[in-house]
Amino acid sequence: MIKILVDNTGYKKFFAQHGFSALIEINNKRILFDAGQNPIVLRENLKLFNEKEGFDYVVISHGHYDHTDGLKYIIENDLICGKVIIHKDAFLDKYSGNRYIGIDKEVKDYLLKKADLKIIEKPYKIDKDIIISGYIPREYEYEMEEFHCIKDGKKVKDEINDDMFLIANGVLITGCSHSGIINVVEYGKKLSEIKGVLGGFHLVSVSDNYLNKIVDYFKSQDFWIMPMHCTGFKALTKISQLNNFIYGHVGKVISV
């Protein structure tokens, strides 16, 4: 079962906020995939789901604040019961223009000094039905916003190599798809059968030409799609016309 804990769109009593988080419950394991940007929003949505238990694993899709800073609630309430799975580049100081968008310093310090970290670059299996991608090869054309990070004391372009996804029993969950959503899905197909894809597709500022390519791509696929978070209104409007589209939001529950 997958429960959407944080997204830009909410349903009824649930709280909406820019960001993403999902709870995956499968094979007697509880996995928190991302944590949104605000600990209060995460706390309240967990309460509305009547979720009080800790997490056997925490998986971080990439090191942007809107996917990590809600971890303050998880840390303060000692809800991390096992490994935190993350790419090493998630810990870089990250910027959009002059605005810092990386992991909150307190959260970063906790993860680096106290958490049971599993830093990965290659695919990593939690069990036979759950796999985390590691680095996503960029084999297909894609458009990405300009981001920067600090490396060796210099501000350089951030390729966001820490971008990762998780597959749970054939359902691919992506935080932002900074690697390009086609790259995400096609790499996912190499790791597992894909029954559905959900999460942020990061199409909010792409060209019409690229967006049309994405729509045509999903039109040709036989799995369902649930674009959320950073997909963008224009892209959602077009993708929602497809027969394999499913509407996603905070409060959504998906069987796996």
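The values are calculated or read from the model by the stated rules, or taken from the named source; none is laboratory data. Everything numeric in this text was worked out from a predicted model, so none of it was measured. Heads up, the Cβs are rebuilt from the backbone with ideal geometry, glycines too, and the neighbour counts pull from every protein chain shown. The accessibility values were calculated without ligands, DNA or RNA, using every heavy atom of the protein model including side chains. Shrake-Rupley method; radii C 1.70, N 1.55, O 1.52, S 1.80 Å.
Which whole-angstrom value gives the distance between the alpha carbon centres of segment 37-76 and segment 227-248?
Between the Cα centre of segment 37-76 and that of segment 227-248, the gap is 25 Å.
Evaluate the charge dipole of the chain about its Cα centre and quote only its size in Debye, nearest 20, assuming +1 on the Cβ of each Lys and Arg and -1 on the Cβ of each Asp and Glu.
320
In segment 119-208, what percent of the accessible surface is made up of carbon and sulfur (1.4 Å probe, ligands and nucleic acids excluded)?
47
Taking the convex hull of the alpha carbon atoms in segment 134-256, what volume per residue do you get, in Å³?
116
Which FRET efficiency value, to the nearest 0.05, do you get for residue 246 and residue 154 by plugging their Cβ-Cβ distance into 1/(1 + (r/R0)^6) with R0 = 41 Å?
Working from the Cβ atoms, E equals 0.40.
Is it possible to state the helix-based mean residue ellipticity at 222 nm for the chain, with each DSSP H run of 4+ residues giving -39500 (n - 2.57), the sum divided by total residues, to the nearest 500 deg cm²/dmol? What is it?
Computed mean residue ellipticity for the chain: -6500 deg cm²/dmol.
Please compute the contact order of segment 59-131 in relative form: average sequence separation of alpha-carbon pairs under 8 Å and at least six residues apart, divided by the residue count, as a percent.
Worked out over segment 59-131, it gives 35 percent.
Find me the longest stretch of the chain that has none of the exposed trypsin sites (Lys or Arg not before Pro), where exposed means in a DSSP loop (not H, G, I, E or B) with at most 12 other Cβ atoms within 10 Å.
It works out to 129-256.
Please list the radius of gyration and Dmax for segment 180-235, considering alpha-carbon atoms only, with Å as the unit.
Calculated on Cα positions, Rg and Dmax stand at 11.0, 31 Å.
Show me, for segment 33-50, the HN-Hα J-couplings you get by feeding each phi into the Karplus relation (A = 6.51, B = -1.76, C = 1.60, θ = phi - 60°), rounded to Hz, glycine and proline as x.
9, 6, 9, x, 9, 10, x, 6, 4, 4, 4, 5, 6, 5, 4, 5, 7, 6
So I have [x] 17.4; [y] 12.7; [z] 15.2, and one of them is mean projected area of the Cα convex hull in nm² calculated from this model. Which one is it?
This structure yields the entry labelled [y].
Short version: ³J(HN,Hα) in whole Hz for each residue of segment 182-190, in order, from phi by Karplus 6.51 cos²θ - 1.76 cosθ + 1.60 (θ = phi - 60°), x for Gly and Pro, what are they?
5, 4, 4, 5, 5, 5, x, 5, 6
Please identify the GluC sites (Glu not before Pro) of segment 96-177 that satisfy two criteria: DSSP loop assignment and at most 14 other Cβ atoms within 10 Å. Which are they?
Those satisfying the criteria are 121, 139, 141, 145, 146, 159.
Through the Karplus equation 6.51 cos²θ - 1.76 cosθ + 1.60, θ set to phi - 60°, convert the phi angles of segment 156-168 into ³J(HN,Hα) values in whole Hz; use x for Gly and Pro.
Result, ordered by residue: 10, 4, 9, 7, 6, 5, 7, 4, 9, 10, 10, 10, 10 Hz.
Grab the eigenvalues of the alpha-carbon gyration tensor for segment 82-129, scale each by 5, take roots, and send me the semi-axes largest first in whole angstrom.
Each semi-axis is √(5λ); the values are 24, 14, 7 Å.
Give me the accessible area per residue for the chain, probe 1.4 Å, as a whole number in Å².
So the chain comes to 44 Å² accessible per residue, rounded to a whole number.
Counting only protein heavy atoms and using a 1.4 Å probe, what share of the accessible area of segment 1-60 belongs to carbon plus sulfur, as a whole percent?
The C+S portion of the solvent-accessible surface of segment 1-60 is 46 percent.
Sort segment 114-195 into rounded, prolate or oblate with this rule: let a ≥ b ≥ c be the square roots of the eigenvalues of the Cα gyration tensor; rounded if a/c is under 1.5, and if a/c is not under 1.5, prolate when a/b is larger than b/c, oblate otherwise.
Oblate is the answer for segment 114-195, as a/c is 1.5 or above yet b/c matches or exceeds a/b.
Can you tell which of 235, 62, 41 lies farthest toward the positive end of the dipole of the chain, using +1 and -1 charges on the Cβ of basic and acidic side chains (Lys, Arg; Asp, Glu)?
41
Just list whichever of 118/195; 13/252; 105/157; 3/122 have alpha carbons separated by over 19 Å in the model shown.
Flagged as over cut-off: 118/195; 105/157; 3/122.
Shape call for segment 1-148 from the C-alpha gyration tensor, a ≥ b ≥ c root eigenvalues: rounded (a/c under 1.5), prolate (a/b greater than b/c) or oblate?
Verdict is rounded for segment 1-148.
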